[in-house]
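Written out below as structure tokens is the structure these notes cover.
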Amino acid sequence: MASSPATAIPVSTGQAAAGSAQQTAPISTPAFRLFLSRLSDSVRRSLVNRRPWYELADRSSFSRPESVSEAASRVRKNVSYFRINYIAFLAAVLALSLLSHPISLFVLLALLASWCFLYLFRPADPPLVILGRQFSDRETLIGLVVVTVFVVFLTSVGSLLISALLVGAALVCVHGAFRMPEDLFLDEQEPGVGGSGLLSFLGGAASAAGPTMASRV
């Protein structure tokens with residue numbers, strides 16, 4: 001008599017826990033882990049292709065350009081050669097700007113987390129329920145787009161991002177105009193090599209989120 005309820009209780013509890021875990025799973029863990037893995041791999045491969053930093057700060061290689069056309073030619077060649085370094089510099093400027101404005105950083109992180117947990121990597125099977133109301137994938141996407149437009153264009157977050165990128169781009173252009181590229185080894189295939197890191201990151205992110213996105217179409 002006592003052994004019968006003892007064997008029935010663990011089975012029902014395990015089934016209930018499994019069903020509850022499936023209903024409350026907030027994010028598709030395999031897709032999210034695949035995205036993070038490919039992101040880290042892309043960043044690692046891109047940093048491997050960067051040029052030595054001492055080449056950017058070589059004081060003997062700086063001189064004033066004689067004309068605007070020469071400055072533009074220098075910027076084009078230096079961007080082709082120091083592409084990864086310049087991207088890392090822009091990312092550092094953007095990170096410092098966000099760290100100096102913690103409220104904007106918190107808002108931006110909350111926006112990115114909303115996209116990841118509510119749409120990009122959320123399983124499509126259980127519908128999204130907020131405050132007792134069920135939202136379809138289309139309604140969720142429209143709501144996230146509206147919130148993103150509001151945050152980027154109608155708050156200080158957008159102006160902070162744009163100003164940081166403009167400052168970083170201006171510093172890159174100044175460096176590229178005064179850095180003489182004559183001592184650099186420039187090849188015709190160099191732009192493709194420099195851009196492979198960013199392209200591989202975008203391709204990896206798209207393929208990682210692809211199965212989750214495809215199930216919503």
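The values are calculated or read from the model by the stated rules, or taken from the named source; none is laboratory data. On a predicted model such as this, the values are computed, not experimentally measured, just so you know. With ligands, DNA and RNA removed, areas are computed over all heavy atoms of the protein, side chains included. Shrake-Rupley method; radii C 1.70, N 1.55, O 1.52, S 1.80 Å.
Between Ser163 and Ala57, what length in nm is gained on full extension when 0.36 nm per residue of separation is reduced by their alpha carbon distance?
Between Ser163 and Ala57, full extension yields an extra 35.7 nm.
In segment 62-178, what percent of the accessible surface is made up of carbon and sulfur (1.4 Å probe, ligands and nucleic acids excluded)?
Numbers: 5330 of 7050 Å².
On segment 62-178, the fraction of accessible area on carbon and sulfur atoms equals 76 percent.
If you stretched the chain out fully between Ser156 and Ala92, how much longer would it get, using 0.36 nm times the residue separation minus the C-alpha to C-alpha distance? Walk me through the numbers before you get to the answer.
Values: separation 64, 0.36 × 64 = 23.04 nm, distance 1.93 nm.
Separation in residues times 0.36 nm, less the Cα-Cα distance, equals 21.1 nm.
Determine the shape class of segment 62-178: with a ≥ b ≥ c the square roots of the Cα gyration tensor eigenvalues, call it rounded for a/c under 1.5, and otherwise prolate if a/b is greater than b/c, oblate otherwise. Display every interim value, and only then the final one.
Details: a/c = 3.49, a/b = 2.75, b/c = 1.27.
Judged from the Cα gyration tensor, segment 62-178 comes out prolate (a/c at least 1.5, a/b above b/c).
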